[in-house]
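Worksheet: one structure, shown below.
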Amino acid sequence: MSEKILLIDGHSILNRAFYGLPDLTNSEGKHTGAVYGFLNIMFRILEEEKPDYLTVAFDLHEPTFRHKLYDAYKGTRKGMPPELVEQVPLMREMLTAMGIKTVSMPGYEADDLLGTLARKSEQKGMEVTILSGDRDLLQLATDKVMIRLPKTSKGKTTIENFHTAEVLEKYQVTPPQIIELKALMGDSSDNIPGIPGVGEKTATKIIAQFGSIENAHEHLEEIKPNKAKESMREHYDLAVLSKTLATINTESPLEYSYEEARLGNLYTQQAYELCRRLEFKNLLGRFDAEAVPENTIEQNFFVCSELSGVEALFEKAARNSMAGIALIADKNNVYGLGIALEKEEVYYIPAEGLLSGEYLCEKLRKLGEATVISAMDIKMLLKHVESLEPERVFDLGIGAYLLNPLKSSYTYEDIAREYIGGISIPSREELLGKDTYEKAWEKSSENLGICACYQAFTAYAAREKTEAELKETGMWQVYTDIELPLVFTLDSMEKCGICVKGEELKAYGERLSVRIRELEKLIYEKAGEEFNINSPKQLGVILFEKMGISGGRKTKTGYSTAADILEKLAPEQPVVNDILEYRQLTKLKSTYADGLGAVIEEDGRIHSTFNQTITATGRISSTEPNLQNIPVRMELGRLIRKVFVPEDGCVFLDADYSQIELRVLAHMSGDEKLIQAYREAEDIHRLTASQVFHVPYDEVTDLQRRNAKAVNFGIVYGISSFGLSQDLSITRKEAAEYIEKYFETYPSIKVFLDRMVDEGKEKGYVSTMFGRRRPIPELKSGNFMQRSFGERVAMNSPIQGTAADIIKIAMNRVYERMLREGLQSRLVLQVHDELLIETKKDEVEAVSRILEEEMKGAARLAVELEIDMHQGESWYEAK
DNA sequence: ACGTTCACG
DNA sequence: ACGTACGTGAACGTT
């Protein structure tokens, strides 16, 4: 069996990965997507081919001979975007760390080196594989040299393979004749001009007939299409030049040692470190345990499992000014406790025997009275430990979130790396795999204790820098005055939950089922067959192919069947209306009727989780279930709110801010006209319409008001004429005119939005009134789409974020004041601009006053904050 | 695991 | 020429 060598066209694959993948960055903002993509495809090929040798070839940056030739002829090469340029050294560093041979040479392109190595290896009797994104390399294919070209179609990467036979089949010419083809048809991606007027078809015909451009030129008169003949006559020099450009030099004087290229262990310590630094988390799993470096912190973890020792430990902890705490627990059970008293003094106490979970939590409660408890997630701690105080806790998760709200999760190992001088420690996933704490506990995994210790260590050691950075960035106030108190407010809401009438929910679901079955029958009849209506793929085929509705593709995977598309395409098709109704009802059934029913707990209530570290703008999110997207716009869906009821002796009080975002905009922009508008008018959209369209307030038509309202929304979202045109079903030109008129009416708003974008570009982030930041790396992107997105985000985030800050402040004040006044009413829900309070009947007046005062008084703006408040026997009634 | 759709602000 | 409104989460089908 002959040996195998894999040759990779470095820049070409990196380039492909860069454009094929979204612009990944690690938490420091370093661009890493191309490197990641490169590694993925490389690993895939390595697993398939299992070569003995591996080499990656790179171009050097100086112009090569072949390009000089062309540059002299015309123009220059296209530059790479800086996001890609900065990844080239990173890529080489990674390959070096993996012990992979890389080659490059002044005056030669990667192509030339690949060609040279391919020929040389073939002569040695090896099987050669070249991985590249460049079809130019097909000229190198033989029976022993396979060219592999990755292709992305429909979001999936497939690889096309070419030996001589496949080249012949696909291009009707031999691999060396690929050069001749290119000489005629050119290649814009390689800056090969070719000759004008000759494309793929003609070029193939000519080369198939004559074999080479020289021969074709000799038989000029025989060239078939007249156009090609004349072009050849006139531009033969271009063809010759193109041929030179397209020819890969297979005899470059490259010094090369096969031994250096022999494939060894890629999973080295250095590679591990680098993957960690770049945050290629799912590559880390590939590394063997030996490659995982020794821990860079001094290991001093102690297991403490005797009562006397634990008592002593807590006494010692109480004398400390701070303790790092990792309570290993889920919602219901406590499995153990990690405590860090010093960086080098970390303990683990498994919860068993006398040292029960309850015992440990009681100890923690006491400790919390004496010292500051620093932990990754204080709200989780509050589920098990009563009566901690904001003054004596530090929430690292929230600190890390404020410092960078863009991350999808806040794990202790990331926080350790960022806020404890770049150290790397094993993650929970590395220690426990995908096991939950409960599973690891059952397995009596020793790693559970280690995990607890690392987490406690992090909670202890990362506090200082996290706190310092919050202060440096001006976010300390946001942390102490808004987020930290909110932990307690949300904890109370979660514990309280909201009462849901399970029986009625079930009955509602059954009513839906009846109609759903009717609709199914109707749809199958009209379609002439049974199929899965919930499958966009099958539905697309039925509608657009079988029923012949015209309209185009939209998505990568097929036809779009989204409601707005269907409505536009075939409003008169009765089946379309059935499908839309079917969709609506199945959504209500599965997500709400069934979904909510499944999460009602024994107390008859739903205890959603309110997450404080998810959104980029500072809003809260709600999960398991999401209570922030319960239907309201359509009556049928809105009925679900009837099953959300107050407990006996209570009513619901619901208060929502009136257009808080627009009011925030009025304040932040200082636009006098908008501020004035709010001072005089009941109906801001009507007044906007009157000012924008220059008609008296009382003569504004419904259409004008609707348009003005859409523009008001659009402004808040970071307006674009396209978005507005979609929303209003008008042309972009009309939309642009509306926007222009709007900005003429409220000039300071335009100034403000422009300022946000400029500020975002200059600083890399934008801020709310209270100092909360949102980084916007997209603003620096070379990609128009991404950059435009960044611009809209820069306009929207300060507004949405400030509104989020305000309602958080209001929530805290409402919560604290109800406690302080000894009321028994409870805050149960927040839906971005709305608070729902389960109010004791004799406290209605007091709570109304509190809501009114605290919500309106949460911030002093240039316009009043107004609220709408209602009372009811269900959420439906109270809204 | 990912994309599509759709519910909310 | 590109192909978008901002921010979420859940269910489902497809890979």
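Name the residue, out of A:SER535, A:SER560, that is farther than 30 Å from A:ARG774 by Cα, within 14 Å of DNA strand B (Cβ to nearest atom), surrounded by 15 or more Cβ atoms within 10 Å (Cβ to Cβ) and of a type in the set (Ser, Thr, Tyr). Explain how you work it out, then say what you get.
Working: A:SER535 fails: surrounded by 15 or more Cβ atoms within 10 Å (Cβ to Cβ).
Going through A:SER535, A:SER560 in turn, the sole match is A:SER560.
Out of the residues in segment A:223-252 that are outside any helix (DSSP H, G or I) and under 51 Å from the mean Cα position of the chain (by Cα), state the one that is surrounded by the most Cβ atoms within 10 Å (Cβ to Cβ).
The first filter runs over segment A:223-252 and keeps only residues outside any helix (DSSP H, G or I), leaving A:223-225, A:247-252.
Then keep just the ones that are under 51 Å from the mean Cα position of the chain (by Cα); that gives A:247-252.
Numbers: A:THR247: 19, A:ILE248: 23, A:ASN249: 17, A:THR250: 18, A:GLU251: 10, A:SER252: 18.
In this case the residue turns out to be A:ILE248.
It is to be established whether one or more residues within segment A:672-692 are within 16 Å of DNA strand B (Cβ to nearest atom), outside any helix (DSSP H, G or I), surrounded by fewer than 21 Cβ atoms within 10 Å (Cβ to Cβ) and not assigned by TED's automatic domain parsing to the domain that holds A:MET811.
Within segment A:672-692 (the criterion being within 16 Å of DNA strand B (Cβ to nearest atom), outside any helix (DSSP H, G or I), surrounded by fewer than 21 Cβ atoms within 10 Å (Cβ to Cβ) and not assigned by TED's automatic domain parsing to the domain that holds A:MET811), the answer is no, since none of the residues qualifies.
Go through segment A:631-658 residue by residue and tally those that are buried (at least 21 other Cβ atoms within 10 Å of the Cβ), aliphatic (A, V, I, L, M) and not in a strand (DSSP E or B).
2
Counting just the residues of segment A:694-722 that are more than 21 Å from A:ILE660 (Cβ to Cβ) and either modelled with pLDDT under 90 or within 28 Å of the chain's Cα centre (by Cα) (or both), which one comes out farthest from DNA strand C (Cβ to nearest atom)?
Ranking the candidates gives A:SER721 first.
Being among the acidic types (Asp, Glu), assigned to a helix (DSSP H, G or I), over 28 Å from the mean Cα position of the chain (by Cα) and within 11 Å of DNA strand B (Cβ to nearest atom) narrows it down to one of A:GLU520, A:GLU567, so name that one. Can you show your working first?
Details: A:GLU520 fails: within 11 Å of DNA strand B (Cβ to nearest atom).
Step by step, each of A:GLU520, A:GLU567 is checked, and only A:GLU567 is among the acidic types (Asp, Glu), assigned to a helix (DSSP H, G or I), over 28 Å from the mean Cα position of the chain (by Cα) and within 11 Å of DNA strand B (Cβ to nearest atom).
A:ASP143 - would you say it is buried (at least 19 other Cβ atoms within 10 Å of the Cβ) and acidic (Asp, Glu)?
Numbers: buried (at least 19 other Cβ atoms within 10 Å of the Cβ): no; acidic (Asp, Glu): yes.
In short, no.
Would you check if A:GLU845 is more than 16 Å from DNA strand C (Cβ to nearest atom) and free of Cβ contacts under 8 Å to residues at least 12 places away in the same chain? Lay out the reasoning, then the answer.
Working: more than 16 Å from DNA strand C (Cβ to nearest atom): yes; free of Cβ contacts under 8 Å to residues at least 12 places away in the same chain: yes.
Yes, satisfied.
Can you work out which of the residues in segment A:761-776 that are under 13 Å from A:THR25 (Cβ atoms) and within 12 Å of DNA strand C (Cβ to nearest atom) is surrounded by the fewest Cβ atoms within 10 Å (Cβ to Cβ)?
Step one: of segment A:761-776, the residues under 13 Å from A:THR25 (Cβ atoms) are A:764, A:775-776.
Going one step further and asking which of them are within 12 Å of DNA strand C (Cβ to nearest atom), we end up with A:775-776.
Values: A:PRO775: 20, A:ILE776: 27.
Going through the qualifying residues, I end up with A:PRO775.
Considering only residues of segment A:544-569 that are in contact with a Leu (Cβ under 8 Å, 6 or more places away or on another chain) and away from DNA strand C (no atom under 12 Å from the Cβ), which is farthest from A:GLN726 (Cα to Cα)?
Ranking the candidates gives A:ILE549 first.
For the subset of segment A:310-364 comprising residues that are surrounded by fewer than 20 Cβ atoms within 10 Å (Cβ to Cβ) and of a type in the set (Gly, Ala, Ser), which member is farthest from the chain's Cα centre (by Cα)?
A:ALA312
Across segment A:536-564, what is the number of residues that are under 23 Å from A:ILE516 (Cβ atoms) and either part of a helix (DSSP H, G or I) or among the acidic types (Asp, Glu) (or both)?
Qualifying residue count for the region: 11.
Among what's in segment A:165-176 and is in a helix (DSSP H, G or I) and crowded, with 20+ Cβ neighbours inside 10 Å, pick the residue that is modelled with the lowest pLDDT. Let's see the steps before the verdict.
Narrowing segment A:165-176 to residues in a helix (DSSP H, G or I): A:165-171.
Still in the running and crowded, with 20+ Cβ neighbours inside 10 Å: A:167, A:171.
Values: A:VAL167: 88, A:TYR171: 85.
Ranking the candidates gives A:TYR171 first.
Name the pairs: first residue in segment A:116-127 and in contact (Cβ under 8 Å) with a residue 40 or more places away in the chain and buried (at least 17 other Cβ atoms within 10 Å of the Cβ), second residue among the acidic types (Asp, Glu) and in a loop (DSSP other than H, G, I, E, B), Cβ to Cβ under 6 Å, at least 6 apart or on different chains?
A:MET126/A:GLU3
List, please: which pairs have Cβ atoms under 9 Å, are six or more places apart or on different chains, and start with a residue in segment A:860-879 that is over 17 Å from A:THR839 (Cα atoms) and end with one that is of a type in the set (S, T, N, Q) and within 15 Å of DNA strand B (Cβ to nearest atom)?
Short answer, once both residue conditions are applied: A:LEU865/A:SER658; A:GLU866/A:SER658; A:GLU866/A:GLN659; A:ILE867/A:SER658.
Sort through A:THR623, A:THR586 and tell me the only one that's assigned by TED's automatic domain parsing to the domain that holds A:HIS870, within 8 Å of DNA strand C (Cβ to nearest atom) and among the hydroxyl-bearing types (Ser, Thr, Tyr). Spell out the reasoning first.
On the way: A:THR586 fails: assigned by TED's automatic domain parsing to the domain that holds A:HIS870.
Answer to the check: A:THR623.
Go through (1) in contact (Cβ under 8 Å) with a residue 40 or more places away in the chain; (2) more than 16 Å from DNA strand B (Cβ to nearest atom) and name the single condition A:GLU740 misses.
Just one mismatch for A:GLU740, condition (1).
Quick one: what pairs do we get from segment A:573-591, first residue in contact (Cβ under 8 Å) with a residue 40 or more places away in the chain, second within 9 Å of DNA strand B (Cβ to nearest atom), C-beta under 6 Å, 6+ apart or different chains?
Short answer, once both residue conditions are applied: A:LEU588/A:GLY637.
For A:ILE837, only one of the following conditions fails: (1) away from DNA strand B (no atom under 16 Å from the Cβ); (2) modelled with pLDDT of 95 or more; (3) part of a helix (DSSP H, G or I). What is its number?
Failing condition for A:ILE837: (3).
Here's a check for you: in segment A:852-871, which residue that is surrounded by 19 or more Cβ atoms within 10 Å (Cβ to Cβ) and out of contact with any Lys or Arg (no Cβ under 7 Å at 6 or more places or on another chain) is farthest from A:MET769 (Cα to Cα)?
My answer is A:MET855.
Suppose we keep only residues that are farther than 15 Å from A:LEU470 by Cα and aromatic (Phe, Trp, Tyr) within segment A:382-420. Which one would you say is surrounded by the most Cβ atoms within 10 Å (Cβ to Cβ)?
Ranking the candidates gives A:TYR412 first.
Test A:LYS495 against the criterion of being out of contact with any Asp or Glu (no Cβ under 6 Å at 6 or more places or on another chain), within 30 Å of A:LEU382 (Cβ to Cβ) and exposed (fewer than 15 other Cβ atoms within 10 Å of the Cβ), and give yes or no.
Yes, satisfied.
Answer yes or no as to whether A:ALA527 is more than 30 Å from A:TYR717 (Cα to Cα) and either within 12 Å of DNA strand B (Cβ to nearest atom) or in contact (Cβ under 8 Å) with a residue 60 or more places away in the chain (or both). Before you say what the answer is, go through the steps one by one.
Details: more than 30 Å from A:TYR717 (Cα to Cα): yes; either within 12 Å of DNA strand B (Cβ to nearest atom) or in contact (Cβ under 8 Å) with a residue 60 or more places away in the chain (or both): no.
In short, no.
The values are calculated or read from the model by the stated rules, or taken from the named source; none is laboratory data. Just so it is clear, the model here is predicted, and its values are computed rather than measured. A quick note on method: Cβ atoms are made from the backbone with ideal geometry, for glycine too, and the neighbour counts reach across all protein chains shown.
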